[in-house]
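Nothing in this text is a laboratory measurement; each read-out follows from the coordinates by a stated rule. Here the structure is a predicted model, which means the values were calculated and not measured. In this analysis, Cβ positions are derived from the backbone assuming ideal geometry, glycine residues included, and neighbour counts consider all displayed protein chains.
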Amino acid sequence: MAVINGGGIRADLAKGVVTVGDVIAVLPIGNMYSSIEVTGQQILDMFEYSYRSVSEVDADGNTVLGASGGFLHVSGAVVVYNIAKEPGSRIESVHFDTPDGMVPLDVNKTYVLATNDFLAVGGDGYTMLGGPRIEGAGLDEVFTEFLVDRFDFIDWPAYENQTPRTRILQIEIKAETMTNLDAMVLDAIAKVDSNNYTDASLVDLKAAIASAQTYLALDVSLQTEDDHQAYIEALTKAVNALVLKEGAVVEEELPATGHIGLLYPGLSLVGLGALTTLISKRKED
C-alpha cells in the first residue's frame, strides 16, 4: 500500500505531452520515496488521524470532511470511513488489493508502507509512524520514471473523474443506528431460539432476521442510514407481532435491547457495551 499527503500534490496533469516541468509542478516539494515497516494498528491509527476533520456540507449539499493538507491519498487499498461517527472512530474497514483479491487489514500483522520521507518521520502530525525506513529517489524522479515506462499503457480516461470513489469510500450512518441494528438481530435470534412463541408468529421474524443478516454481510460501503432504519423497522414489527404459546411466560430481560430499546432509548444504551464481543464474533462468523 502507498499513501501520500494531499498537501504534497500541488497541480494536475493536463492531457497530452507531459514534460519534466509538469511533473515538478505536481511534486515540487522535493520529498523522497520512503518505505517503512508498520503494524496494522499503526495503519488503522494513521487513517483515523487522516479522516479526523470536522464534517461540513459542500455546495451540492453533500456531507464531506473539511479540507486538510494531511488527508491521505491511497493506492493499493480500499478504505471505508463513516463520516457520521466521532473523529477517532470513523474507520469501518481497510482492505488491501492483493493477487488473491481484497484482504482485510490485520492489526497484529506487520506491513511495508510506501510513502514519502515527510510522513515517514511523523510529518503533518502522523506521529504514529516513524521508525527504520528505506529511502530512495525524489518523488518527482520516481514519477518521471514511471511515466517513461508506462505512459503508453496508462488508461487516461479513467482519470477524467476526479472523485471516482474507488479507493476512499465514505458512508454516513449514525453509530447508535449501527449498534441498534446489531443488538436487535441478536435479540431477535434469542427470541427465535427460546421456542416460546407460536410457529406462525415466528415466520415473519425469521424472515426479518435472515434479511438483516444478509444485509449486514454486504460490503459496508453499500450500507446507508435509511437501509439500517428500514431493517430496524422490519425487526421491530416482527418482534411486536410475536404470539406466546399457550402457557408460555417470557420475562423481558434487562438491559433491554431490540424493540424495547427503540421505545426506551435510555435503557437500550445500558449494557450495549457488553454486546460488543457477541456482535464482533457474529460478524467474524
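Counting 0.36 nm for each residue step from A248 to A230 and taking away their Cα separation leaves a gain of 3.4 nm. Note on the chain: antiparallel DSSP beta bridges, both residues inside, total approximately 85 percent of the bridges counted. Shown here are the Rg and Dmax of the Cα trace of the range 152-214, at 21.2, 68 Å.
Please report, to two decimal places, log10 I(q)/I(0) for the chain at q = 0.07, 0.13, 0.14, 0.17 Å⁻¹ as given by the Debye formula with identical point scatterers on the Cα atoms and no solvent. Log10 I(q)/I(0), no solvent term: -0.38, -0.97, -1.07, -1.39. A DSSP coil position with no more than 11 other Cβ atoms inside 10 Å describes the following trypsin sites (Lys or Arg not before Pro) in the range 1-70: K15. For the peptides 230-239, 96-105, 26-35, the ranking by mean Cβ contacts within 10 Å, running from highest to lowest, is 230-239, 26-35, 96-105. The listed peptides 182-192, 63-73, 134-144, ordered by packing as a protection proxy, come out as 182-192, 134-144, 63-73 (highest mean of other Cβ atoms within 10 Å first). Screening the chain for DSSP H helices whose Cα atoms reach 27 Å or more along their own axis and whose mean Kyte hydropathy is at least 0.0 gives 175-194. Calculated from DSSP H runs of 4 or more alone, at -39500 (n - 2.57) each and per residue, what is the 222 nm mean residue ellipticity of the chain, nearest 500? Mean residue ellipticity at 222 nm (helix-derived): -12000 deg cm²/dmol.
For the chain, the number of Lys pairs separated by eight or more positions or lying on different chains, with C-alpha atoms closer than 21 Å, is 15.
Size check on the range 1-76: the Cα extents along the three principal axes, sorted descending, read 40, 37, 21 Å. With q set to 0.12, 0.14 Å⁻¹, the log10 of I(q)/I(0) for the range 42-162, from the Debye formula over equal scatterers at the Cα positions, is -0.59, -0.81. Based on C-alpha pairs under 8 angstrom that are at least 6 apart in sequence, the chain has a relative contact order of 19 percent. Projected label points at Q213 and S201, each 7 Å from Cα along the beta carbon direction, are separated by 2.2 nanometres.
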